[in-house]
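See structure below.
The numbers here are math on the coordinates, done by the rules we state, and not lab data. Computed from a prediction, not measured in an experiment: that's the story for all the values here. All Cβ positions, even for glycine, are placed from backbone atoms using ideal geometry, and neighbour counts span all protein chains on display.
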Amino acid sequence: MTPILSLQDACLSLKGNAGSVEILRDITLDVGRGETLGLTGPSGSGKSSLLMLMGGLERATSGTVRALDHDLSAMSEDQLARLRLGHVGIVFQSFHLIPTMTALENVAAPLELAGQRDALDRARDELAAVGLSHRADHYPTQMSGGEQQRAALARASVPRPEILLADEPTGNLDSANGEAIIDLLFGLRDRHGATLVLVTHAEALAGRCDRMIRLADGRIATEDREAAE
């Protein structure tokens, strides 16, 4: 079966004041459809950068990155945006909700951009699925951090994406809210059958995935295919 995500010798270098800095080096990795993959490792190891490559938010300096049978390096920014809009849901550590929009409007936004006429109805259903029906008309500043992350989860999952990318989704939350968010994230993944790639510092959390990869110095250091057992 063709993997839903595939990286071959992917490298990422960014230019800084002191010259080019290697962020990722020779990453070769396949992710199967419906798989859950945990990415862990110390700060600065390249976890978030790898996730950004998978979502087309960064471009590989060399090598190839394919998602849903598309060569991301060959796509324009508009093409990448359209691919993400309908097929890739991304959850960030800092929520990234639009402050001038209510929770309902935030969740409905990707559907409205895609021209879905039932955007608001589907957004209400997704808010209910994450326990936020009572916050539908509230703005982000009127919600707690945990509630904002629930809204962000609902927004990422409402288009029924084939791929869910989560970058430290519990990083700004206390332990109780963090555990609730992770339970919701895995629940949404199970309900919709999406492939999930989760970046986290916590190996215990990464261990809930089918497979866990540890990064170090921009490379794959170790791989555990029995993480969830």
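List of remarks:
- Distance between the pseudo-spin-label points of ALA202 and ALA176 (7 Å out from Cα toward the beta carbon): 1.5 nm.
- Basic side chains Lys and Arg get +1 at the Cβ, acidic Asp and Glu get -1 at the Cβ, and with that the dipole of the range 1-139 about its Cα centre reaches some 200 debye.
- Across the chain, the relative contact order, built from alpha-carbon pairs under 8 Å that are at least six residues apart, equals 27 percent.
- Whole-angstrom Cα spans of the range 28-100 along principal axes, big to small: 38, 33, 27
- Rule-of-thumb Rg ratio for the range 1-70 [Cα; 2.2 N^0.38 Å; N residues]: 1.13
- Degrees separating the helix 77-87 axis from the principal Cα axis of the chain, which is the longest one: 60
- Counting only Cα atoms, the size of the range 163-229 along its three principal axes is 29, 27, 22 Å, in decreasing order.
- If you look at the Cα atoms of the range 106-229, you get an Rg and a Dmax of 15.7, 46 Å.
- SER20 versus ARG225: modelled label distance in nm, points set 7 Å from Cα along the beta carbon direction: 3.4
- With Cα atoms, 0 to 90° folded angle of helix 145-157 axis to the chain main axis: 80
- Residues of the range 81-120 with amide N under 14 Å of a point placed 7 Å along Cα→Cβ from GLN142: 99-106
- Relative to the longest principal axis of the Cα atoms of the chain, helix 175-192 runs at roughly 90 degrees.
- The calculated 222 nm mean residue ellipticity attributable to helices in the chain amounts to -10000 deg cm²/dmol, summing -39500 (n - 2.57) over DSSP H runs of n ≥ 4 and dividing by all residues.
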